[in-house]
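All remarks here apply to the structure that follows.
Throughout, read-outs are computed from the coordinates displayed, never taken from laboratory work. Because the structure is predicted, anything quoted here is derived from the model rather than measured. We place every Cβ from the backbone using ideal geometry, glycine too, and count neighbours over all the protein chains shown.
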Amino acid sequence: MSVDLFQVIRTLGKAAVDTLVAAPDLFIRNMAGETLLHEAIASNNMPAFECLLRAGLDANAADSIGQTPLHFAAAYQNCHAAEHILVQGGDVGLRDRYGNTALWSAVFNAKGKYGVVALLLENGAGRQAEAENMRGKSPLGFARLVGDQEMIRMLEAAIANDDILD
């Protein structure tokens, strides 16, 4: 009898770690191409997430639409996960099928929360503030569209800082 590790992560919380440690194969994917890391972030199961990173799951593994665990951490506004992914070599420049980076996901889902955006900008995502996705939308353009003045300030400051460094 096989255990659905995705379900274990969703339902067992911290207790999922015991099952994960004993699992013969953590390098599996669901029908959407998501890894167990994606699931741990989506389920906000940080003990499982940390266990999976220690086990060596790829911090840059993309699902079927090209979203990495960093995209998920950005979309779910999970600073803890984003920071750990970056420490493990998470690439802020990876784009999904639609041309969206993790910065785009963080800006689009911010709703007044700026921690993940700040973290990504501190880790080299400033150059992407004006980068357009497949629909011609950029993180800065979106922030302007919704009138998020703090986000606009953060993104413009990152752009100015990158210009100084060039």
**Item:** Correct option for Kirkwood radius over Cα pairs in Å [calculated from the coordinates] among (1) 16.3; (2) 16.8; (3) 20.4
**Value:** (1)
**Complete:** Helix 149-165: inclination vs the chain longest Cα principal axis, degrees, rounded to 10, gives 80
**Item:** Derived scalar couplings ³J(HN,Hα) [region 103-118; Karplus, 6.51 cos²θ - 1.76 cosθ + 1.60; whole Hz; x for Gly, Pro]
**Value:** 4, 4, 4, 5, 5, 4, 9, 5, 6, x, 9, 10, x, 5, 4, 4
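First check a/c for region 91-147, with a ≥ b ≥ c the square roots of the eigenvalues of its C-alpha gyration tensor; if it is under 1.5, answer rounded, and if not, answer prolate when a/b is larger than b/c or oblate otherwise.
On the way: a/c = 1.66, a/b = 1.05, b/c = 1.58.
Oblate.
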**Asked** What is the sum of charges around S64, taking Lys and Arg as +1, Asp and Glu as -1, for the other residues whose C-beta is under 12 Å from the C-beta of S64?
**Response** -1
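Ranking request for peptides 130-136, 39-45, 5-11: highest mean number of other beta-carbon atoms within 10 Å first, then the rest in descending order. If you can, show how the numbers build up before the last one.
Working: 130-136: 13.1, 39-45: 22.7, 5-11: 18.6.
Sorting 130-136, 39-45, 5-11 by mean packing, highest first, produces 39-45, 5-11, 130-136.
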**Request:** Compute the Cα gyration tensor for region 123-166, then decide on rounded, prolate or oblate, letting a ≥ b ≥ c be the square roots of its eigenvalues: rounded whenever a/c is under 1.5, prolate when a/b is larger than b/c in the other cases, and oblate in all that remain.
**Result:** oblate
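Round to the nearest 0.05 the FRET efficiency obtained for M31 and D91 when R0 = 30 Å and r is the Cβ-Cβ distance. All intermediate terms of the calculation are to be shown ahead of the outcome.
Numbers: r = 25 Å, r/R0 = 0.83.
E between M31 and D91, to the nearest 0.05, is 0.75.
What's the local net charge at M151, with K and R +1, D and E -1, over the other residues with C-beta under 13 Å away? Please list the in-between numbers first.
Details: positive: K111, K113, R144, R153; negative: D148, E150, E156.
Counting the neighbours of M151, the net charge comes to +1.
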**Request:** State whether region 1-57 is rounded, prolate or oblate according to the following rule on the C-alpha gyration tensor (a ≥ b ≥ c being the square roots of its eigenvalues): a/c under 1.5 gives rounded; otherwise a/b larger than b/c gives prolate, and the remaining case gives oblate.
**Result:** rounded
**Complete:** The rounded separation in angstrom of the Cα centers of region 1-57 and region 83-149 is 26
